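To keep things clear, I will list the structure first and then write my remarks on it.
The values are calculated or read from the model by the stated rules, or taken from the named source; none is laboratory data. From a predicted model like this one, the values you see are computed outputs, not experimental measurements. Note that each Cβ is placed from the backbone with ideal geometry, even for glycine, and that neighbours are counted across all protein chains shown.
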Amino acid sequence: MSSRPLPFRFRPFAQFVLTLAFAVALGAAPAAAQYVGQVSNADKNAPELRAVAVLEWVGDKEHPTRSRIVPITVFDGQQLQDAAIYLARPQPLALDHEVEYQLKEDGKNTGLFVVYGAADENGSWVGYGKLEPMPKPKPPKPLTAHDWKDDDVASDQPVLHRKHGSDSGSGSSGSGNPSEAPDPDRPTLHKSPDSGNDSGSDSGSNSGSQSAPDPDRPTLHKSPDSGDTSTASSSSAGDDPDRPKLTKKQTSDEEPSVSSVDTTDPNRPKLKRGQVSYGGGDLTAAPPALKGLPPEMHQEVAVSDPRNTPEHPWDYSWANPDDQQKYKAQLEDMARTALGLNPPPAPAPAKKTAAKTSTHKTSKVATPPPPEPAPLQDEQFRVFELAYGSGATMVLSAHTAGTGADEKFVTLVAQPDLYGNVVVLLKNATDGAHLDDTPRMHLIDAVDAMADNRGELLFELRGATGRQFALYRVLRGQITRLFVSSDADTSEANN
């Protein structure tokens, strides 16, 4: 008995299933063959590195007698790294040759510092270089007749212009005045040199255009890596593609380039005897190296970022100028209490019973005036607006006279509340005999360490034999320490 075929209604479904399975089998083989290795997940929108350092100098800032730069942090887009050890080989990335830092005071740019050398001092890396002024802005472009053209009269339609002077007969046949200068802001159509034309004048212009290429026509240049290696730069071939870079100083074409012989990084300086020149930066012209922690030393925040971010001033503007003096007086009274400068309250005078006589009147006892408040040594009071639209953040620091345990230090970070009172967020009190246990906090400035338009408070934590730098963030009425650097030994520097 012969087998009966499947009903007609089942044939299309079976054929579809077989066709789909065959197509999936054929598509899987090319897909597997196209995989050549590890898939690259490089993000083109990954943030650039942002380094924060502290410039220290002695003397006039315009012409310092000694200076150095201390690396603090490097933000890699995810977290804050210790700039003193980040990608060190042997000096850290933040002190690479010709790394350029912008000096900032209260968020405003005040100058530049270019690193030309680095050294390890007592186990901590510091950089040396030159202070330079901020570059002057470019002058505005002079106005032309086109800038004064009435927008209501000008048409929104584009106008096609023949290149001026490219054809001898174009002036008579053109729709505009041949003597009028071409508009630089409007697109121009250029005739192709290979296009044919029956007129003799046009053919002559074509032959001329072939001999003299159009300077406005874009030109495709062959990549040095595509096959012709004779024009490839020897210095670029030795670059390390995996090493990130900070902002480099913009050098002119006349400056000599750094030799890349026997090195894998052309931007790193070479050790030579005698006078050393670093690609146009001469350390002999830079101020001498600053050693130790002299009392007349000045400090300022420095930021290196390849992006051109606008200035962000951190100073707070009071709605009522009298509020600043009121809150400052409250903080000063808290500081004197922490330093032990406020005298104890005097006991209440005993009440005297006056004799009841009709002939003598009781005399009132004069109350002595309150004593003058004790002075605060090296008082520093700053008020910041650490984010746009945020409230005031006040920082007051001072110390007393004396030495050892008699010299006391205090630092207060506070904010005003809705009732006009001062709320202390952080209090640091110590004395000269316990600096290694509780270092004194010295405010340097506010700085945007993570490029998020929010400022952090940068403090120097100085002890008797070492010092560190710490970043604090003030947010929603609380203060949090975001970062603290490695401990730098200053025992030998202070001796």
Filter result for the condition that a residue is surrounded by 15 or more Cβ atoms within 10 Å (Cβ to Cβ), part of a loop (DSSP other than H, G, I, E, B) and in the same structural domain as SER486 (by TED's automatic domain parsing), over ALA446, ALA401, ALA451: ALA451
Candidate set: the stretch 66-84, residues that are within 11 Å of VAL52 (Cα to Cα) and among the polar types (S, T, N, Q); chosen: the one surrounded by the most Cβ atoms within 10 Å (Cβ to Cβ): THR73
Residue that is surrounded by the most Cβ atoms within 10 Å (Cβ to Cβ), among those in the stretch 431-443 that are among the hydrophobic types (A, V, I, L, M, F, W, C) and in contact with a strand residue (DSSP E or B) (Cβ under 8 Å, 6 or more places away or on another chain): MET441
The stretch 459-474: number of residues that are aliphatic (A, V, I, L, M) and not in a strand (DSSP E or B): 1
Elements of type strands (runs of 3 or more DSSP E) in the stretch 62-170, at least 3 residues being over 22 Å from LEU482 (Cβ atoms) and either modelled with pLDDT of 90 or more or touching a Lys or Arg at 6+ places or on another chain (Cβ under 8 Å) (or both): 64-75, 108-121, 124-132
Scan of the stretch 464-494 for residues that are surrounded by fewer than 19 Cβ atoms within 10 Å (Cβ to Cβ) and either modelled with pLDDT of 95 or more or closer than 25 Å to VAL424 by Cβ (or both), ordered by number: GLN468, ALA470, ARG473, LEU475, ARG476, GLY477, GLN478, ILE479, THR480, ARG481, LEU482, VAL484
